[in-house]
Amino acid sequence: MEPLVPVIVAHRGACGYLPEHTLAAYELGIRLGADALEIDVVATKDGHLVARHENELSVSTDVATRRGFAERRTTKLIEGAAQDGWFAEDLTLVELRQLLARQPLRGLRSTAHDDAYAVASLPEILALRSRLAAELARPVGLKLEVKSPAHFAAIGHPMADRLITDLDAAGMLGADSPVEIMTFEPAFLRCLRARGVDNDLVLLVEEDPTRPVPGEGETTFGDLTTPASLAELASLITGIGPGRHALFSGLPGGRLGEPLPLFADAKAAGLRLDCWTFRAENTFLPTDFRIGDDPAAYGDMAGLVAAYREQGLDTVITDHPDLVIPTPQ
């Protein structure tokens with residue numbers, strides 16, 4: 001029988017312990033045993049790629065406290081929704097490097113490490129990956145998510161250009177590269193293939209099947225994950241990355257339900273299954289995997305991972321890479 005040990009990916013680094021998308025969080029994730037790092041990139045005003053989950057910066061940095069940036073606050077329409085705040089595309093790389101990272105899940109996770117680490121650029125992350133792989137004498141992968149590429153292209157920052165430049169400079173372009181490229185936008189993946197990028201590509205899948213796919217008209221994520229669509233996508237991508245709720249139903253009371261067809265359909269198409277996001281705190285777990293009543297206390301995340309793995313999950317993307325495998329008693 002195949003051992004129930006998945007590929008473990010540190011989501012935004014070990015962001016259950018340190019502010020997300022910082023070099024410190026990435027390094028901790030690998031040292032806690034992760035096989036790879038998940039990073040998100042957005043574009044700056046001068047076209048550089050930096051690691052942030054959103055292009056709006058106030059949730060995860062101290063920008064709102066910086067008087068020098070007060071006049072940069074604005075409201076924008078991002079993927080059809082109005083957002084107020086400070087945006088990466090309005091600051092240069094030099095300006096962004098002045099900001100310090102903060103814990104976004106305030107009130108749930110520790111803020112003891114706020115304002116200690118700077119925003120990281122993609123070249124810095126690629127260099128860190130190489131250093132850790134050499135130092136630890138083992139493979140270290142990167143799952144690189146390109147955030148909102150259509151939005152950035154529309155405002156004059158085509159992300160493929162800088163992405164290809166940075167990967168090429170680091171020697172990480174090609175089918176054997178440790179860097180996989182992910183996005184929710186199939187058009188961006190098709191663009192990369194058309195430009196000769198041979199890295200593994202992964203299409204991320206929203207948990208709500210009725211949600212429209214960015215840049216694909218009225219096509220929904222449910223449309224993209226039918227057996228026929230997955231078989232067609234297999235010529236473009238090596239895997240799909242659905243959210244947890246796209247793979248299991250829910251039961252009354254918040255309990256975990258039954259596995260959904262996407263497990264078998266992805267395997268039938270020859271696609272790897274990467275799943276986001278496994279978090280250890282009770283508040284993020286199905287009720288039958290919680291331990292105690294404290295929302296911030298850790299529940300049985302390892303048990304939840306095992307339930308997914310038994311259905312064929314290949315890759316676990318988690319905020320707590322050290323808690324994926326149960327500790328021997």
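The values are calculated or read from the model by the stated rules, or taken from the named source; none is laboratory data. No experiment lies behind these values; they were computed from the predicted model shown. With ideal geometry, Cβ positions are generated from the backbone for all residues, glycine too; neighbour counts draw on all protein chains shown.
One residue is enough: does the range 223-231 have a residue meeting the conditions in a loop (DSSP other than H, G, I, E, B), in contact with a strand residue (DSSP E or B) (Cβ under 9 Å, 6 or more places away or on another chain), surrounded by fewer than 19 Cβ atoms within 10 Å (Cβ to Cβ) and modelled with pLDDT of 95 or more?
Initially, the range 223-231 is screened for residues in a loop (DSSP other than H, G, I, E, B), giving 225-226.
Narrowing the set further to residues that are in contact with a strand residue (DSSP E or B) (Cβ under 9 Å, 6 or more places away or on another chain) leaves 225.
So of that shortlist, the ones also surrounded by fewer than 19 Cβ atoms within 10 Å (Cβ to Cβ) come out as none.
No; the residues of the range 223-231 include none that is in a loop (DSSP other than H, G, I, E, B), in contact with a strand residue (DSSP E or B) (Cβ under 9 Å, 6 or more places away or on another chain), surrounded by fewer than 19 Cβ atoms within 10 Å (Cβ to Cβ) and modelled with pLDDT of 95 or more.
Can residue 160 be described as over 18 Å from residue 48 (Cβ atoms) and not in a loop (DSSP other than H, G, I, E, B)? Let's see the steps before the verdict.
On the way: over 18 Å from residue 48 (Cβ atoms): no; not in a loop (DSSP other than H, G, I, E, B): yes.
So residue 160 does not fit the description; no.
Report yes if residue 283 is under 22 Å from the mean Cα position of the chain (by Cα) and either of a type in the set (Phe, Trp, Tyr) or assigned to a helix (DSSP H, G or I) (or both), otherwise no.
On the way: under 22 Å from the mean Cα position of the chain (by Cα): yes; either of a type in the set (Phe, Trp, Tyr) or assigned to a helix (DSSP H, G or I) (or both): yes.
Here the answer is yes, as residue 283 does meet what is asked.
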Return the residues of the range 64-76 that are more than 16 Å from residue 157 (Cβ to Cβ) and either among the charged types (D, E, K, R) or under 22 Å from the mean Cα position of the chain (by Cα) (or both); say none if nothing qualifies.
66, 67, 71, 72, 73
Looking at the range 85-94, can you tell me whether even one residue there is more than 19 Å from residue 155 (Cβ to Cβ), crowded, with 21+ Cβ neighbours inside 10 Å and under 20 Å from the mean Cα position of the chain (by Cα)?
no
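Would you confirm, using the coordinates I've provided, whether residue 273 is at pLDDT 95 or above and either among the β-branched types (Val, Ile, Thr) or not in a helix (DSSP H, G or I) (or both)?
Working: at pLDDT 95 or above: yes; either among the β-branched types (Val, Ile, Thr) or not in a helix (DSSP H, G or I) (or both): yes.
Yes.
Would you tally the residues in the range 146-155 being on the phi > 0 side of the Ramachandran plot and either touching a Lys or Arg at 6+ places or on another chain (Cβ under 9 Å) or assigned to a helix (DSSP H, G or I) (or both)?
Filtering the range 146-155 down to residues on the phi > 0 side of the Ramachandran plot leaves 148.
This time we only want the ones that are either touching a Lys or Arg at 6+ places or on another chain (Cβ under 9 Å) or assigned to a helix (DSSP H, G or I) (or both), so: none.
Adding up the residues that qualify gives 0.
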The one condition residue 77 fails out of (1) surrounded by fewer than 23 Cβ atoms within 10 Å (Cβ to Cβ); (2) closer than 17 Å to residue 102 by Cα is (2)
Among all residue pairs at least 6 apart or on different chains, which show Cβ distances below 9 Å where the first residue, located in the range 13-42, is at positive phi and the second is among the aromatic types (Phe, Trp, Tyr)?
13/26
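Please indicate, with yes or no, whether at least one residue in the range 123-145 is basic (Lys, Arg), free of Cβ contacts under 8 Å to residues at least 24 places away in the same chain and either closer than 25 Å to residue 36 by Cα or in a loop (DSSP other than H, G, I, E, B) (or both).
Taking the range 123-145 as the starting set, the residues that turn out to be basic (Lys, Arg) are 129, 131, 138, 143.
Filter once more, keeping what is free of Cβ contacts under 8 Å to residues at least 24 places away in the same chain: 131, 138.
Among the residues that remain, those that are also either closer than 25 Å to residue 36 by Cα or in a loop (DSSP other than H, G, I, E, B) (or both) are: 131, 138.
Checked against the condition, which is being basic (Lys, Arg), free of Cβ contacts under 8 Å to residues at least 24 places away in the same chain and either closer than 25 Å to residue 36 by Cα or in a loop (DSSP other than H, G, I, E, B) (or both), the range 123-145 yields at least one hit.
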Residue check for residue 98: in a loop (DSSP other than H, G, I, E, B), under 20 Å from the mean Cα position of the chain (by Cα) and within 24 Å of residue 69 (Cβ to Cβ)
no
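Pick out the one residue from 106, 67, 72 that is basic (Lys, Arg), under 30 Å from residue 282 (Cβ atoms) and free of Cβ contacts under 8 Å to residues at least 24 places away in the same chain.
On the way: 67 fails: under 30 Å from residue 282 (Cβ atoms); 72 fails: under 30 Å from residue 282 (Cβ atoms).
One residue alone meets the criteria, 106.
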In the range 1-55, what residues are touching a Phe, Trp or Tyr at 6+ places or on another chain (Cβ under 6 Å), part of a strand (DSSP E or B) and farther than 23 Å from residue 139 by Cα?
43
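Here is a check on your reading of the model: is residue 56 in contact (Cβ under 8 Å) with a residue 24 or more places away in the chain and either surrounded by 20 or more Cβ atoms within 10 Å (Cβ to Cβ) or within 18 Å of the chain's Cα centre (by Cα) (or both)?
Values: in contact (Cβ under 8 Å) with a residue 24 or more places away in the chain: yes; either surrounded by 20 or more Cβ atoms within 10 Å (Cβ to Cβ) or within 18 Å of the chain's Cα centre (by Cα) (or both): yes.
Yes.
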Restricting the search to the range 192-241, which residues are in contact (Cβ under 8 Å) with a residue 40 or more places away in the chain and over 19 Å from the mean Cα position of the chain (by Cα)?
193, 215, 225, 227, 230, 233, 236
